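A.B. asks: The following block contains the structure, expressed as structure tokens.
The values are calculated or read from the model by the stated rules, or taken from the named source; none is laboratory data. Since we're looking at a predicted model, the values are computed, not measured. A quick note on method: Cβ atoms are made from the backbone with ideal geometry, for glycine too, and the neighbour counts reach across all protein chains shown.
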């Protein structure tokens, strides 16, 4: 699906992600956390890739990635904004308590695999994967 | 869905702000401004009641971190009360559950 990058649209996306995660077999608590990770990813795109500009396109793909009886999900977020070196996208040190910069930490904490790559042309592609514990 | 309501009550030398709604990127600018205004009143303790907040993202957490710093700089205290399971898990993920004073109820916070 393609959304318009607007903070006011993120709640609707969260509900769709939670519903999809539940449908592929995740427990409710996992569904909330997966939706949180997507929420943080989209907020980062709006704030950083698009520099706070609203209305720019963001593509989101959700896929069932279940494996050997475990529920699984793969989420791809693609933007068309600023490209950055994936090496500089990292969680900040939590010991330094300050506002901001927590989104990447949350994404990496919640998801099993997180991979940022520059997209062809412009923007970044973020692929996140998670398997249920059982 | 995106409206955030705050209600402020003075209880002795404490200020209790009850928040209702989701605290996300869409709401944090106005939420932050509301709390900054309360900081300026230099209460002994600012109690933020989150019992009617079903969801918060990292921008909400960041706002609370900033307000905590501001109110501590004025020599005042701050406590968060009534965290829902979802909001509590966010504080646990970000390891900020030990940074803030988190108490079950507003009464306990006011007496603290």
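A.B. asks: Taking residue A:42, is it more than 13 Å from every other protein chain (Cβ to nearest Cβ) and either in contact (Cβ under 8 Å) with a residue 24 or more places away in the chain or assigned to a helix (DSSP H, G or I) (or both)?
C.D. replies: Working: more than 13 Å from every other protein chain (Cβ to nearest Cβ): no; either in contact (Cβ under 8 Å) with a residue 24 or more places away in the chain or assigned to a helix (DSSP H, G or I) (or both): yes.
Here the answer is no, as residue A:42 does not meet what is asked.
Matching residues to (1) within 25 Å of residue B:108 (Cβ to Cβ); (2) within 14 Å of chain A (Cβ to nearest Cβ):
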| residue | (1), (2) |
| --- | --- |
| B:12 | yes, no |
| B:16 | yes, no |
| B:23 | yes, yes |
| B:28 | no, yes |
| B:41 | yes, no |
| B:45 | yes, no |
| B:51 | yes, no |
| B:56 | yes, yes |
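A.B. asks: Which residues, taken from the range B:89-101, are more than 17 Å from residue B:69 (Cβ to Cβ) and in contact with a strand residue (DSSP E or B) (Cβ under 8 Å, 6 or more places away or on another chain)?
C.D. replies: Selection gives B:90 alone.
A.B. asks: At the interface with chain B (Cβ under 10 Å from one of its Cβ atoms) and under 13 Å from the mean Cα position of the chain (by Cα): is that true of residue A:10 in this structure? Show your work before the answer.
C.D. replies: Working: at the interface with chain B (Cβ under 10 Å from one of its Cβ atoms): yes; under 13 Å from the mean Cα position of the chain (by Cα): yes.
Against the criterion (at the interface with chain B (Cβ under 10 Å from one of its Cβ atoms) and under 13 Å from the mean Cα position of the chain (by Cα)), residue A:10 qualifies.
A.B. asks: Please find, among A:37, A:27, the residue that is in contact (Cβ under 8 Å) with a residue 60 or more places away in the chain, more than 9 Å from chain B (Cβ to nearest Cβ) and under 17 Å from residue A:103 (Cα atoms). I'd like the intermediate steps shown before the answer.
C.D. replies: Values: A:27 fails: under 17 Å from residue A:103 (Cα atoms).
Among A:37, A:27, only A:37 is in contact (Cβ under 8 Å) with a residue 60 or more places away in the chain, more than 9 Å from chain B (Cβ to nearest Cβ) and under 17 Å from residue A:103 (Cα atoms).
A.B. asks: From (1) at pLDDT below 95; (2) surrounded by 18 or more Cβ atoms within 10 Å (Cβ to Cβ); (3) more than 11 Å from chain B (Cβ to nearest Cβ), pick out the condition that doesn't hold for residue A:85.
C.D. replies: Against the list (1) at pLDDT below 95; (2) surrounded by 18 or more Cβ atoms within 10 Å (Cβ to Cβ); (3) more than 11 Å from chain B (Cβ to nearest Cβ), residue A:85 comes up short only on (2).
A.B. asks: Further question: Could you pull out the residue among B:107, B:85, B:66, B:97 that is free of Cβ contacts under 8 Å to residues at least 60 places away in the same chain, surrounded by fewer than 22 Cβ atoms within 10 Å (Cβ to Cβ) and away from chain A (no Cβ under 12 Å)?
C.D. replies: Numbers: B:85 fails: away from chain A (no Cβ under 12 Å); B:66 fails: away from chain A (no Cβ under 12 Å); B:97 fails: away from chain A (no Cβ under 12 Å).
The unique qualifying residue is B:107.
A.B. asks: Another question about this same structure. Those residues that are touching a helix residue (DSSP H, G or I) at 6+ places or on another chain (Cβ under 6 Å) and surrounded by fewer than 21 Cβ atoms within 10 Å (Cβ to Cβ), I need them from the range B:69-78; list them, please. Before the answer, list the steps.
C.D. replies: The initial filter retains those residues of the range B:69-78 that are touching a helix residue (DSSP H, G or I) at 6+ places or on another chain (Cβ under 6 Å), namely B:70-71, B:78.
Correct list: B:70 only.
A.B. asks: Let me ask something else. Would you confirm whether or not the range A:93-109 contains a residue that is more than 14 Å from chain B (Cβ to nearest Cβ) and either at pLDDT below 90 or touching a helix residue (DSSP H, G or I) at 6+ places or on another chain (Cβ under 6 Å) (or both)? Spell out how you get there, then give the answer.
C.D. replies: Of the range A:93-109, the ones more than 14 Å from chain B (Cβ to nearest Cβ) are none.
The answer is no; no qualifying residue exists.
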